[in-house]
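Undergrad: First, the structure itself, so that you have it in front of you.
The values are calculated or read from the model by the stated rules, or taken from the named source; none is laboratory data. Worth saying up front: this structure is predicted, and the values here are computed from it rather than measured. Glycine also receives a Cβ, built like all others from the backbone with ideal geometry; neighbour counts cover every protein chain displayed.
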Amino acid sequence: MKGRERLLSILSPLLLIAAWELTVRLGLVDGRFIAAPSLILVALWNMSVSGELARDVGVSLWRIAAGFAIGVVPAVLLGLWMGLSRSVRAVFDPLIAAVYPIPKIAILPLLMVFFGIGESSKIAVVAISAFFPVVINTYTGVANVDRVYLDVAQSFGASRALVFRRVVFPGALPVIFAGIRLALGVCLIVIVSAEFVAARSGIGFLIWSSWEMLLIDKMFVGLLVIAVIGTLLTIGLREIQRRAIPWRNE
């Protein structure tokens, strides 16, 4: 049964790609706007050899990594603090509830006023995008730790610091990682959107400039690269999660 499922998971994308190629070759869709997979692969090879693709991917990954690190660390700390203190939660919860629904790409012009049109504004919008999903999930993870575990630890005379290290933080980790995974996807979307309008490099700029010049094969290369990056980041984060919380694997 597992072998059959694995075979289907391999065949389904291959059949989709074959149908896509055949549809374009037969002229059922306009090849000027939908590039055939074979042409996309040729463009991917040419852009890889020329170094154009590596430059744009490297720039986008740097922006994501820098902004993600800046946003996630304070988000985890604040989320833990909110989960442990009602006073802190009372102060920050309304602020987060008010700001979180605002589309983060909408504040890019404001960030450009403060940080300029260089790298700082793009890193800042990524950091803000990462902050809110992580802080909300971290607080939720701490708040949902089973009270029974806390009572047992306290009944054995564990200090508050020990309870936090051995019970609260490990218990909240699965939810924290869920927030980090969510934030990672949001950051990828936001940086590509920001590069559409406020960058001269990066994957978003590659897609937008290719569309303006009707280089559809290059545009699809950008879309393909985004999908690959998202998949690899998710796999990497899952591996980190597996090592950080091994008891969940059991």
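Undergrad: Give me the residue from the range 172-206 that is surrounded by 22 or more Cβ atoms within 10 Å (Cβ to Cβ) and over 30 Å from TRP81 (Cα atoms) and, out of that set, nearest to the chain's Cα centre (by Cα).
TA: Residue satisfying both the conditions and the ranking: VAL192.
Undergrad: Assigned by TED's automatic domain parsing to the domain that holds GLY67 and not in a helix (DSSP H, G or I): which single residue out of ALA227, ALA199, ALA194 fits that description?
TA: After applying the criteria, what remains is ALA199.
Undergrad: While we're on this one: For the range 113-145, which residues satisfy the criterion of being touching a residue at least 60 places away in the same chain (Cβ under 8 Å) and not β-branched (Val, Ile, Thr)?
TA: SER121, LYS122, ALA127, SER129, ALA130, PHE131, TYR139, GLY141, ALA143
Undergrad: How many of the residues in the range 36-79 are modelled with pLDDT of 90 or more and either farther than 17 Å from LEU224 by Cβ or not in a helix (DSSP H, G or I) (or both)?
TA: 19
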